[in-house]
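The values are calculated or read from the model by the stated rules, or taken from the named source; none is laboratory data. No experiment lies behind these values; they were computed from the predicted model shown. Using ideal geometry, Cβ is built from the backbone for each residue, glycine included, and neighbour counts are taken over all protein chains shown.
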Amino acid sequence: MRYRLFPLAAVFCLFFGVLAHAQEDSTINTGNAAVSDKDIDARIEAIFDQIEGLQGVFVTVHSGVVTLRGKVTEAALSDQAEQLAKRVNGVVEVTNQIGEVTSLSVRLTPVYQRLTQRVMQAVGYIPLLAVAVICWAAIFLIGWFAARPGWPWDRIAPNAFIANLLRQLVRLVFFVLGAVMALDILGATALLGTILGAAGIVGLAIGFAVRDTVENYIASILLSIRQPFRPKDYVRIQDLEGSVISLTSRATILLDVDGNHIRIPNSTVYKSNITNYSRNPQRRFVFKLGVGPDSNLEQALETGQSRIKALDFVLNDPGPDAWIEDIGDSNVVLTFTGWIDQNVTGFLKARSEAVRLVKLALEGSGFSLPEPTYRLHFDNAAPLTGAKSTKAAAPSPSKTPAARQESTTANDTSPDEAVNKKIEEERTLGTGSDLLSEDAPDELGG
């Protein structure tokens, strides 16, 4: 146990020896081997006479105990006098009885002197400050001209939005570089770390405050690169449908079939399911018709499918199709489909004409398209006499005057030029801020 404590005792001795040596080195020697109270008094007063603001401090020494009296203009000077007295060789203890001057004129004198000194220093720094500002401006102008619109940014970036973002980034880099050079000329490079730290904290706070705006801006960048749709594409985003007018730095603008503008935040667009009806020019229309439950269903399907196939605007490949969808309460529901080319045929017009002509074909072939039928049952009611049926026979739809006058040829199904014209006008008015490009590849490589 004794041998184990020996290294620990040696470490403590070494530590206290170094500490005593440091304290010995921090003392101010009076110059005499035998230190007297008179020597200590003379040494401390000589030191105070050389320090601005301590000339009014008086020193008395008795048996190595120093007593400081007098008046100073600032509390810091009182502490400074006490620390200097403690460092003088031979001082046992220091009693600080220094007071502060209460006179307003005396207290303001050092403040005025410091202010005057700093003003003179600022005036002396004006030429150096001018050189630093000129250097900063020159570097920033170089970055400004290097980031001007045109080559090479338009060649590097996939669209104008990314090119402008790169130019702003280059200007910011040159701005910071100019600031670093200016601070280096002024000899204040240590200030740069403080500024950057404060800027980082402020930027973090602003980032949390405008989180939705930042998310929207980042979504704009990603959408402009991916381009999930092209200008004039007819798309569905969530429950909203319309033709794409433009993609701005904040929102995607659609024009619906009624001519209304729909603005959807880009952050919502980026996270939503997008249905692009224009990506594939071939599009299928679907509609349903109900026939009587006693009808020949196979013949009804063939009749409707043949009528759709005979339409000029319906494609042969892929061809039309039909099937039995469901059995209702008073009818059998049949589903008919056909494909069109959206470049030459309007989708809604084509579907409307197909429904009309298939309905006429079924009625012309003797198939009934019954309305819902209800059966009424009366408890304890007397039977009806002289009536064979409670259901009157409805006249055949094919025999009504309206059916005989209706045309059996397809009407115009070309795309709606009014809507297309409106889309072109809207795009012409807003091309300056559009992030979409008809020539740039989309996310599918088209």
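In the list Asp341, Asp326, which residue meets the criterion of being among the acidic types (Asp, Glu), within 23 Å of Ala418 (Cα to Cα) and in the same structural domain as Glu406 (by TED's automatic domain parsing)?
On the way: Asp326 fails: within 23 Å of Ala418 (Cα to Cα).
One residue alone meets the criteria, Asp341.
Return the residue satisfying two criteria in turn: it lies in segment 63-84 and is modelled with pLDDT under 90 and more than 25 Å from Gln113 (Cα to Cα), and of such residues it is farthest from the chain's Cα centre (by Cα).
Ser63
Among the numbered criteria (1) more than 29 Å from Val170 (Cα to Cα); (2) part of a helix (DSSP H, G or I); (3) not hydroxyl-bearing (Ser, Thr, Tyr), which single criterion is violated by Asn96?
(2)
Quick one: in segment 294-327, which of the residues that are of a type outside the set (S, T, N, Q) and in contact with a Pro (Cβ under 8 Å, 6 or more places away or on another chain) is surrounded by the fewest Cβ atoms within 10 Å (Cβ to Cβ)?
Ile327
Collect the residues in segment 170-217 that are closer than 25 Å to Thr268 by Cβ and either surrounded by 13 or more Cβ atoms within 10 Å (Cβ to Cβ) or touching a Leu at 6+ places or on another chain (Cβ under 7 Å) (or both), keeping them in residue-number order.
Thr213, Val214, Glu215, Asn216, Tyr217
Is there a residue in segment 351-360 that is free of Cβ contacts under 8 Å to residues at least 12 places away in the same chain and within 15 Å of Ala300 (Cβ to Cβ)?
Among the residues of segment 351-360, not one is free of Cβ contacts under 8 Å to residues at least 12 places away in the same chain and within 15 Å of Ala300 (Cβ to Cβ), which makes the answer no.
Can you confirm whether segment 315-322 contains a residue that is in contact with a Leu (Cβ under 7 Å, 6 or more places away or on another chain), at pLDDT below 95 and polar (S, T, N, Q)?
No, segment 315-322 has no match at all.
When you look at Arg167, is it surrounded by 16 or more Cβ atoms within 10 Å (Cβ to Cβ), touching a Ser or Thr at 6+ places or on another chain (Cβ under 9 Å) and either of a type in the set (Lys, Arg) or assigned by TED's automatic domain parsing to the domain that holds Cys135 (or both), yes or no?
Judged against the criteria, Arg167 is not a match.
Would you mind telling me which numbered condition in (1) of a type in the set (A, V, I, L, M, F, W, C); (2) more than 27 Å from Asn343 (Cβ to Cβ); (3) surrounded by 16 or more Cβ atoms within 10 Å (Cβ to Cβ) Val269 fails?
Condition not satisfied by Val269: (2).
From the list Glu443, Glu424, Glu438, Glu353, which one is surrounded by 15 or more Cβ atoms within 10 Å (Cβ to Cβ) and either within 18 Å of Arg230 (Cβ to Cβ) or at pLDDT 75 or above (or both)?
The conditions single out Glu353.
Can you list the helices (runs of 4 or more DSSP H) lying wholly within segment 179-293 that have 3 or more residues being more than 29 Å from Leu315 (Cα to Cα), outside the structural domain of Pro320 (by TED's automatic domain parsing) and touching a residue at least 60 places away in the same chain (Cβ under 8 Å)?
Filter on segment 179-293 gives 211-226.
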